[in-house]
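Chemist: A single structure is presented below for examination.
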Amino acid sequence: MSFDIFMQHFKDGRAAEAPRDAILELLRSSQHTEADRFGFYHVALADGLTVEFSAKGLESSGTFSGCAFQVRAFGDRLAEFVYQVACAGKMVIMPATRDAIAILVSAEMKQHLPDDLLANLTPVVIGSSAELKVLLATGFDGWRMYRDQVVR
């Protein structure tokens with residue numbers, strides 16, 4: 001069970017190939033396991049948190065247009081890593097939260113969003129990992145309360 005953060009690269013209203021080299025460079029600069037056969041990495045962050053990073057196709061010639069984080073603990077370093085991946089991949093961040101939002105790391109990204117996404121999610125432009133942390137913290141706290149009820 002995890003709090004999930006989905007990311008997708010869009011161009012001209014459609015999911016599109018993401019710039020994988022920049023994301024690979026970020027991943028390689030962190031402590032991580034090799035991907036399993038499903039494309040899951042375990043990334044160890046400097047503050048001791050570990051996050052599952054799902055990025056099937058990142059290191060292959062297959063299609064790579066999006067990724068996800070399966071979060072079980074939350075902090076500044078996680079927000080920074082998610083923000084860096086979003087910037088590197090020019091990806092929209094879509095957390096599984098009660099607030100239906102699409103988090104954009106630049107205003108220019110809005111022009112590439114699909115109409116159906118715009119009809120269902122409110123675009124929010126951010127300029128830092130600190131802003132991302134504020135947006136994700138409420139969703140993570142809600143997930144944590146739900147998890148704690150389920151496991152009791």
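Please treat every number below as a calculation from the coordinates, not as lab data. Predicted model only: the values in this text are computed from it and were never measured. Note: ideal-geometry Cβ built from the backbone for every residue, glycine included; neighbour counts use all protein chains shown.
Chemist: Helix-only estimate, please: 222 nm mean residue ellipticity of the chain, summing -39500 (n - 2.57) across DSSP H runs of length 4 or more and dividing by its residues, to the nearest 500.
Modeler: After summing the helix terms and dividing by the residues of the chain, the value is -11000 deg cm²/dmol.
Chemist: If the chain between Q31 and E59 were fully stretched, how many nm would it gain, using 0.36 nm times the residue separation less the Cα-Cα distance?
Modeler: Roughly 8.5 nm would be gained on extension.
Chemist: If we count other beta carbons within 10 Å of each Cβ, what is the order of R20, R28, fewest first?
Modeler: R28, R20
Chemist: I've got another one for you. Give a quick list of trypsin sites (Lys or Arg not before Pro) in the stretch 41-131 that DSSP marks as loop, anything other than H, G, I, E or B, with at most 11 other Cβ atoms within 10 Å.
Modeler: The qualifying sites are R98.
Chemist: Let me ask something else. Please sort 62-70, 2-10, 115-123, 40-48 by packing, taking for each peptide the average over its residues of neighbouring beta carbons within 10 angstrom, highest first.
Modeler: 2-10, 62-70, 40-48, 115-123
Chemist: If you wrap the stretch 54-152's Cα atoms in a convex hull and average its projection over all directions, what's the area in nm²?
Modeler: 7.3
Chemist: Rounded to a whole number, what is D in µm²/s for the stretch 1-120 from Stokes-Einstein with the Kirkwood radius over alpha-carbon pairs (25 °C, 0.890 mPa s)?
Modeler: Stokes-Einstein gives a translational diffusion coefficient of 168 µm²/s.
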